[in-house]
Amino acid sequence: MPDFEKLQRDIVALVEQNEVVAAIDVIEDKGDDQTRAVQVDWLLQIRSREETGTLVRRREIVKCRLQRAKKKWRVASFDPISFFALPT
């Protein structure tokens, strides 16, 4: 998957430094038993673990492409990658 390392770094940093709550609603799920194209309405609530931490809400339509490799599904693409970036 392109940018997998960046996505992994962002997610690890996000959950290490913040309390994160997520809600996901599937909007679209197309494909066959080898490839799926999925769109989800993804809501993240991010609260800093710091004493004066603020609450940040993100909501976005996220597009994923999944591919089956043997018996396991793998994420082949994820857009937008920046969805899991640390709040500024």
Quiz prompt | Residues (assigned to a loop (DSSP other than H, G, I, E, B) and more than 9 Å from the chain's Cα centre (by Cα)) located in the stretch 57-84 | solution = K70, K71
Quiz item: What tally of residues in the stretch 46-88 results from selecting those that are within 16 Å of T35 (Cα to Cα) and either without any contact (Cβ under 8 Å) to a residue 12 or more places away in the chain or out of contact with any Phe, Trp or Tyr (no Cβ under 9 Å at 6 or more places or on another chain) (or both)?
Solution: 9
Quiz item: When both residues are 6+ apart or on different chains and their Cβ atoms are under 8 Å apart, which pairs have a first residue that lies in the stretch 10-38 and is in contact (Cβ under 8 Å) with a residue 40 or more places away in the chain and surrounded by 12 or more Cβ atoms within 10 Å (Cβ to Cβ), and a second that is among the aliphatic types (A, V, I, L, M) and in a helix (DSSP H, G or I)?
Solution: D10/I81
Quiz item: With respect to P87, is the statement that it is surrounded by 15 or more Cβ atoms within 10 Å (Cβ to Cβ) and in a loop (DSSP other than H, G, I, E, B) true?
Solution: yes
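Every number in this text was worked out from the coordinates using simple rules, so none of it is lab data. Keep in mind that this is a model prediction, so the values were computed, not measured. So basically every Cβ, Gly included, is an ideal-geometry build from the backbone, and we count neighbours across all protein chains shown.
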